[in-house]
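We did not get these values from a lab; they are worked out from the coordinates using the rules stated. Note that this is a predicted model, so its numbers are computed, not measured. Here the Cβ positions follow ideal geometry from the backbone for every residue, glycine too, while neighbour counts run over all protein chains shown.
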Amino acid sequence: MQGKNPKDSRTTMTDMVLPSETNPLNNLFGGELLARMDRAASIAARRHSRRITVTASVNHVAFNQSVPVGSVLTVEAAVSRAFKTSMEVYLDVWMEDRFSGERTKANEAIYTFVAVDDTGRPTEVPPLVPETDLEKQRFDAALRRKQLSLVLAGKMQPNEATELKALFLQD
Ligand SMILES: CC(C)(COP(=O)(O)OP(=O)(O)OC[C@H]1O[C@@H](n2cnc3c(N)ncnc32)[C@H](O)[C@@H]1OP(=O)(O)O)[C@@H](O)C(=O)NCCC(=O)NCCS
């Protein structure tokens, strides 16, 4: 299968934060942000694989900054590494200042999607070829994250997670 670049799957979704999506402090609910990220990541995974894709795991989410009602929020998603049937999708979330239009990073997240056939069986995806330095960094670290996710899910023995273990054994 021919490789694809992260830009082939890049997906950008911009939307406003409405009062019905906020908590009593008038900031965006975490679950609403997770749903927005899931949708953007799902489209990115579909663009990479051109298959039906399902969320296998939410590997990492950092709610570093609260997002007030009325904010304009942009979710950017792109496949950061493809394995056999699974894809890691990296998400960057940006908040736009109402007055200056300046964008600040609000959140980051990493999801895993699996491409499946019409019966829900995992099916192979094209390899990912990173281009920029950031894409290469994310690509390199993705294998460790996959191993950590599988270990936590009880689907891999810790002693099989070679690349993950190496991270802790460095001088
Ligand atoms: C995701 C799903 C297809 C995986 O099926 P499975 O029978 O476990 O299939 P496999 O063991 O062959 O795993 C398929 C791939 O997913 C990866 N995977 C499975 N669980 C994972 C996890 N927790 N973290 C990271 N990767 C995972 C495997 O490593 C494998 O990757 P690879 O082929 O690229 O090496 C299946 O569990 C499923 O359909 N889950 C429900 C999905 C869904 O409905 N999501 C929405 C939730 S509301």
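Going Cα to Cα from LYS105, which aspartates and glutamates come in below 12 Å? Please leave out same-chain ones fewer than 8 positions away.
Candidates past the 8-residue exclusion: GLU76, ASP92, GLU96, ASP97.
Using helices alone, I'd like the mean residue ellipticity at 222 nm for the chain: each DSSP H run of four-plus residues gives -39500 (n - 2.57), total over residue count, nearest 500.
Rounded to the nearest 500, the figure is -9500 deg cm²/dmol.
Find the centroid of the Cα atoms in segment 1-22 and in segment 31-89, then give the distance between the two in whole Å.
7 Å
Please compute the net charge surrounding LEU152, taking Lys and Arg as +1 and Asp and Glu as -1 over other residues with Cβ under 13 Å from its Cβ.
Its environment carries a net charge of +4.
Calculated FRET efficiency, LYS136 and VAL69, Cβ-Cβ r, R0 25 Å, to nearest 0.05?
Efficiency, from the Cβ-Cβ distance: 0.10.
Quickly work out the PHE29-to-GLN2 label distance, labels modelled 7 Å from Cα along the C-beta direction, and quote it in nm with one decimal.
In this crude spin-label approximation the distance works out to 4.3 nm.
Give the angle, between 0 and 90 degrees and rounded to the nearest 10, that separates the Cα long axis of helix 133-152 from the longest principal axis of the Cα atoms of the chain.
70 degrees
Using only alpha carbon pairs under 8 Å that are at least six residues apart, calculate the relative contact order of the chain and give it in whole percent.
Reported relative contact order: 25 percent.
May I ask for the net charge around GLU32, where only other residues with Cβ less than 15 Å from the Cβ of GLU32 are counted and Lys, Arg are +1 while Asp, Glu are -1?
Value of the local net charge: -1.
Past the 26 angstrom mark, what percentage of all C-alpha to C-alpha distances in the chain do you count?
Tail fraction, whole percent: 34.
Roughly what would the spin-label model give for SER100 and LEU167, points 7 Å off Cα along C-beta, in nm?
Each label point is offset 7 Å from its Cα along the Cβ direction, giving 3.4 nm.
Quick one: net charge of SER57's neighbours, Cβ under 15 Å, K/R +1, D/E -1?
Value of the local net charge: +3.
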